1. With label points built 7 Å along Cα→Cβ from the Cα atoms of residue 5 and residue 154, find their separation and express it in nm.
2. Counting pairs on different chains as well as pairs 8 or more places apart, how many Lys pairs in the chain have Cα atoms under 19 Å apart?
3. In the chain, with Lys and Arg counted as +1 and Asp and Glu as -1 at Cβ, which of these residues, 231, 109, 270, has the Cα nearest the positive end of the dipole, that is, farthest along it?
4. Report, in deg cm²/dmol and to the nearest 500, the calculated mean residue ellipticity at 222 nm for the chain, where each DSSP H run with n ≥ 4 adds -39500 (n - 2.57) and the sum is divided by the residue count.
5. Using the Cα atoms of the chain to build a convex hull, what is its mean projected area in square nanometres?
6. Extension gain residue 225-residue 143, at 0.36 nm per residue separation less the Cα-Cα distance, in nm?
7. Mind listing which GluC sites (Glu not before Pro) in region 190-277 are in a DSSP loop and have 16 or fewer other Cβ atoms within 10 Å?
8. Extending each Cα 7 Å along its Cβ direction at residue 211 and residue 130, get the distance between those two points in nm, one decimal.
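What follows is calculated from the coordinates using simple rules that are stated; it is not laboratory data. Note that the coordinates shown come from a computational prediction; the quantities given were computed from them, not determined experimentally. Every residue, glycine as well, gets a Cβ built from its backbone with ideal geometry; the counts of neighbours run over all protein chains shown.
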Amino acid sequence: MHIISATELRNQKDIVFVDARSGPDAQKRFLDGHIPGAVHADLDKDLADIKENAADGGRHPLPSPQQFAEWLGKVGITPDSHVVAYDDKSGANAAARFWWMLRALGHKNVQVVSGGMQALQKNGWELSRDAFSPSPVAPYPIAEWQSPLANINDVAAAAADDGQLVIDVREAYRYRGESEPIDKVAGHIPGAANLPYIENLDAEGNFLPKEVLKEKYENFLNGLEPRQVTVHCGSGVTACHTILALEEAGFSGAKLYVGSWSEWSRNDKPIATGDQR
């Protein structure tokens, strides 16, 4: 089980909570109130290795496995830890990115809170302003990312192959190229299909039930195996939300294109607009 509800968490013990809220004031918001004992994972500093030029890996390229392993050691996470991540975007932002990264190191017991911080508070979880100093341990024992990744050339080949599927999880208006609020160019990768990540959630921001996600992705994949699927977004963050939904639904092994639209659109690659793949 990769997704856990705020209610189910009540029965769990010995959890390492990771607060993955992001944005320029994320650290302040964390200090103003967080789940007691939580550690804060900064999207820009801890979950990415941002380059000067987003054409090289996108806006949120992955850090090296060794960099991430060192951070995990500093906050006391070991292979035996039960880790639960939350953000304030229904798990759609850095909580899902953190989940993907820890899973990609081979960690088994990591989950994302369905509905995020809002669901925790709604279910009676009180916030704390107390400073928490985790006990550092040795860097997490890893060698490389174990989950499948795709680079810009892999994605170009996959998008042109009828036997593969590239999923763009951005909002439909961004996919169609009607406007682009973050990156310099609007549109989508020719051949990519659009299934916005928000469709993984119900009206209250909770993940849809497992059986509903299973039916949704069975229909969308139309017989393709997860290994034939590549998922991307704007910068490789919310794409992890859809990979999380796929895994919860039983479709394990989809590739993550970390560079995503932020890299593709800066490299003189072909661009499509409208609903046409």
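1. The modelled label-to-label distance comes out at 3.5 nm.
2. Lysine pair count for the chain: 12.
3. 109
4. -7500 deg cm²/dmol, from helical runs alone.
5. Taking a quarter of the hull surface, the average projection is 13.9 nm².
6. Going from the current span to full extension adds 26.8 nm.
7. In loop regions of region 190-277 (DSSP not H, G, I, E or B), the sparsely surrounded GluC sites (Glu not before Pro) are 204.
8. 4.2 nm
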